[in-house]
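Laboratory data are not the source of any read-out in this text; all were calculated from the coordinates shown. This one's a predicted model, so the numbers in the text were calculated from it and none came from an experiment. Using ideal geometry, Cβ is built from the backbone for each residue, glycine included, and neighbour counts are taken over all protein chains shown.
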Amino acid sequence: MSLLRPLNKVPHGQNATVLIIGSEGVGKHDLAKALVDGDAECPVQIRTASILPLPEKNDSERPRIDFVVFMVDLTRVESMKSVLNSLEQLDARYSLGKSCFAITKVNDPDRRSVAIESLMEVSEAYGITAIFGELETEEEKQCLANRILRMVEVASGFKPNITPLLLETVRVPNVTEDL
Amino acid sequence: METLIVQNVLRRCRVSDIPKLLNEWNCSEVQIDKSQTKGEIIRDIIELYSDDLTATKAGDLQLIYATKFPEKRKWSCFHLSGGQDSEHKLDPWKLMKDLKKQLPLHFGRLKSETYVSGRIVDGALWMWAYVKQSDKFQSSSTIMFVYYPRTPYIFINHFRAKLQEPFMECLVYTFGYSKLTNMQLTGTHLESLLQLALNKDSQGSFSRFRLKKVQAAPLSTKMPLKRKEPDYEPNPSIICENSRNKRRKLEILDNTFGTEAQPVLEEVEYKLEVRFRGSEHVPAMVNRAQPFRCKFKFEGPAVLDGIKNLGKSGLATVPLPSILTSVSSKARNHFVLQDSSLADKSATRLSQQ
Amino acid sequence: MSNLQRNTETPSVQPIRNTTFGTFSRSTRRYTPFTKTPKSRRLCISTAVRDIHRTPTPSQQTVDFKGLTNKTWKVYRLTPLYRFSAETKDQKWYGRLLSSHIETENQKSFVLDEDIPEKAIFSWYKGLKVGPDDEEALQIIIKGKSRNGNGVDVIVLTAFLLCVDLEDNPVDKELQQHFTYYPVMIVKGPVHSQNILTSWLERQFDCRVNPSTFSSLQLACIVAMWSGLCTKPIQKSKQVELLYKVPAECEGMSKITYSLCAQDCKDLWDSIHDSGSDEFTEVETQTFIRSIESHFYYYSKFDSLSIESHFYYYSKIRLSAMQLYRVGTPVMMLGSEGRLKIFSSQHALIILRHLTELSVEKFVP
């Protein structure tokens, strides 16, 4: 099983490549479109997959992955499980600001099937930021996309003098039960 | 009681459909005053016809309503078997006459009056019978069935259990067969039920030869399959890593279900009496000898399409198991799965019950 | 929405503070729902309380809750009632007030198809006050004329305001003398009358009445806890039912009903949970549900737990991707929109206790 590594290829230079991982039906394509249409400093190329590891056939054509987004749908337990499985195939260096969780369907607490606490525990354990959002209206999609794009720009090196590790050191941790 | 039947029928249909219905019933033009409420219209109609309203005539109205709106009723399919070819099976008019004579005789054992009415619609025989067991009108004593000549299948609606035995006997005797078995096939869409019953061997991917009237031989492998264009425009910046997988999945689904529309079924039910299989996380249940009894039912407007879509949307892993894909070729929608004998605990087979 | 847009429009001179973290902290707080799911739940009434309750009034043990069982109730949750007095003379006064409110509502609008409410009667319902913090359960009956026009007096609506085994009252100590807290109200009656009752309660006691809704997680927890509840052997006909709604993108199928034989379910639950303790942990309930789902999956591969994996084994369908919206066990049935039906009167207390707990969790003072 090959892990997804952040530094095993030469960077593209003009594009930022984002990989979106999530089970089917979670909204990867909507988010991908919003990311492409969002206001980023650089053109963004998106690759979508349902699980890691990625199929080896495309390995040679695939550019270096700058940023990984894991999509979780709160109304589907299965999306959380597949993301957890994929996390094991991710190289540890992606946790240093080069990946995030995009969590959707937050607005309706009655249809929720995933316990948010367990999601937060995973996010703390791996050190990956969790971003909550919705993909229902255009505005919400753009909001979520823009927040992800801010992190993508830093991770692909398009912001001078800022590295993802620098951001990680000043990241505010999520509010946990103790507070 | 006759007025109750008429009221029942008219209340169920829409105001715009009432003139059509009455037209066919009484062969006379009826004017409906659109400004009145439905209740008032119904009262006027009953007043108009109450002079010569017999139970048979009221039943006729119910039968016409059933022929025009068969999807409002749940039909079960029965199979006639073990008979010899005889002339009258081909002639629906003769059958209707015979049934009108035989049904009251068979129900006469229950000491109740029977009213029978029948119609031939598009070559199919539709019959209505009401067994009067009390002064009040009981809709569960109404029997309606449809017979398509030259087929061994009858579609019967649901009625009370007490009347089932004499009715079955009557059918078997009149049609000239020796046995009437329940096929465990139910639904509201008569057309689909008939398709499933008649075309057991040309469902799934073979249905394209029947529905599209494709000329090429079914076993020839040179036939190219046209793939449908994807719904969205491919964006050059968005690349799907699993597109090969997705295409393969769609191919498998198209091969099992065919690209045409599936017959419409409202529910598919499975009863399982099999070994418990969730025991990875419950070690104590691994050695459990007794079967784990459970039942699951899929419901919706078009369940067979739904099963295909479950596979397409990733909610079910493809290739789908045979119990889901073989629904259309088995001509039934209630299945019972049982573990085979104690000797081989891990195998399961589909049992016909 | 407006504060999010403000953040993204700030100039990129200081990108770190305003855009990345500004949006991060404010919007996650906006979106992050912090209703906590407790790790473990109590199943039965704690034994200490039961003993206290048992000794002074032995006659109350024979209450059979006939008014509560075998009826379909709609569950509401209430905020504390201000200035609710528990004296008997005030009961009559409340009855008169509600009756006059009903009259004014009747004059305003007239609903044809439902029974016409007229008079209201308040009374106490004994047997549900279990814990030391509990209030006596209140029963409200609205009588009126039936819609058939016979002029017969019928009971139009029945409602109970309940508080069963409240662990600790969320209302502050100083305010407790002014506020009475009934976490749960169950109502049976036509929609119009229910609206009249809720609007009167809100006006009279300055509280909020909201319909209770239950999420899939809570329903899964409930079915796991109570399918193993009956101690004596269960009849073959009783079933444990789980209804799943299929997501809209899968056209053609609307729901999947998964029913299990109650006895087998109980055996499964007993093998997961040690019957000695009273507490149910979240892990156990998740184990139960997932094992049933994976049994289903086998027949129609996922590392899911029991019930779901049993389903997966047979059907290759992942129930965990679908939304559970109704559960039924031999003792009760509950839907996610708040419809409740209790079948067994001996377990009524436990069920109502759990509803109280769920309602209290949602209450934020």
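Once you average over the residues of A:102-115, how many Cβ atoms of partner chains fall within 10 Å of each Cβ?
Values: counts 0, 3, 1, 0, 5, 2, 3, 6, 11, 8, 8, 10, 4, 7.
Going residue by residue through A:102-115 and averaging, the value is 5.
For the range B:19-119, which GluC sites (Glu not before Pro) pass both filters: DSSP loop (anything but H, G, I, E, B) and at most 13 other C-beta atoms within 10 Å?
Within the range B:19-119, the qualifying GluC sites (Glu not before Pro) (loop, at most 13 other Cβ atoms within 10 Å) are B:GLU29.
Fewest to most neighbouring Cβ within 10 Å: what's the order for C:HIS192, C:HIS178? Present the calculation step by step, with values, prior to reporting the outcome.
Details: C:HIS192 20, C:HIS178 12.
Arranged by neighbour count, lowest to highest, C:HIS192, C:HIS178 become C:HIS178, C:HIS192.
Can you pull out the trypsin sites (Lys or Arg not before Pro) in the range B:142-188 whose DSSP state is coil and whose Cβ has at most 11 other Cβ atoms within 10 Å?
B:ARG150
Given the peptides A:97-107, A:123-133, B:98-108, A:5-15, arrange them by the average over their residues of other C-beta atoms within 10 Å, most packed first.
Numbers: A:97-107: 23.2, A:123-133: 19.0, B:98-108: 17.3, A:5-15: 12.9.
Put in order of decreasing packing, that is A:97-107, A:123-133, B:98-108, A:5-15.
Specify whether the C-alpha gyration tensor of the range A:101-140 places it in the rounded, prolate or oblate class, a ≥ b ≥ c being the square roots of the eigenvalues: rounded for a/c under 1.5, otherwise prolate if a/b is larger than b/c and oblate if not. Don't skip to the answer; put the middle values down first.
Working: a/c = 4.32, a/b = 1.46, b/c = 2.96.
Verdict is oblate for the range A:101-140.
From the Cα gyration tensor of chain A, with a ≥ b ≥ c the square roots of its eigenvalues, which class applies: rounded if a/c is under 1.5, or else prolate if a/b is larger than b/c, or else oblate? Don't jump to the answer; show the numbers that get you there.
On the way: a/c = 1.35, a/b = 1.31, b/c = 1.03.
Rounded, because the longest to shortest axis ratio a/c is under 1.5.
Where the only charges are on Cβ atoms (+1 Lys, Arg; -1 Asp, Glu), what is the dipole of the range B:1-160 about its Cα centre, to the nearest 20 debye? Don't jump to the answer; show the numbers that get you there.
Details: 24 positive and 19 negative charges, 134 e Å.
Dipole magnitude for the range B:1-160 comes out near 640 debye.
Net charge around B:GLU241, counting only other residues with Cβ within less than 12 Å of its Cβ (Lys, Arg = +1; Asp, Glu = -1)?
+3
Under a GNM of chain A (C-alpha, springs under 10 Å), which listed residue has the highest mean-square fluctuation: A:GLU121, A:GLU88, A:GLU61?
Greatest mean-square fluctuation among the candidates belongs to A:GLU61.
Explain nothing, just the number: dipole magnitude of the range A:61-163 about its Cα centre with +1 on each Lys and Arg Cβ and -1 on each Asp and Glu Cβ, in debye rounded to the nearest 20. The partial results should precede the final answer.
Numbers: 13 positive and 17 negative charges, 76 e Å.
With Lys and Arg at +1 and Asp and Glu at -1, about 360 debye.
Quantify how strongly other chains surround peptide B:303-310 by giving the mean number of their Cβ atoms within 10 Å of each of its Cβ atoms. Numbers along the way, then the final one.
Values: counts 4, 2, 4, 8, 6, 4, 7, 13.
Mean partner-chain Cβ count within 10 Å for B:303-310: 6.
Please give the net charge around C:LEU78, taking every other residue with its beta carbon less than 10 angstrom from that of C:LEU78, where Lys and Arg add +1 and Asp and Glu add -1.
On the way: positive: C:ARG77, C:ARG208; negative: C:GLU202.
Net of charged neighbours comes to +1.
Who wins for biggest fluctuation among A:PRO63, A:PRO164, A:PRO109 in a Gaussian network model of chain A, springs between alpha carbons below 10 Å?
Its mean-square fluctuation being the largest, the pick is A:PRO109.
Take the Cα gyration tensor of the range B:134-201, multiply each eigenvalue by 5, square-root it, and list the three semi-axes largest first, rounded to whole angstrom. Each step should come with its number before you reach the end.
On the way: eigenvalues 112, 52, 19 Å².
For the range B:134-201, the semi-axes come out at 24, 16, 10 Å.
Report, in debye and to the nearest 20, how large the dipole of chain A comes out about its Cα centre when Lys and Arg carry +1 and Asp and Glu carry -1 on their Cβ. Please list the in-between numbers first.
On the way: 20 positive and 27 negative charges, 138 e Å.
Rounded to the nearest 20 debye, it is 660 debye.
What is the sum of charges around C:ASP133, taking Lys and Arg as +1, Asp and Glu as -1, for the other residues whose C-beta is under 13 Å from the C-beta of C:ASP133?
Residues close to C:ASP133 contribute a combined charge of -4.
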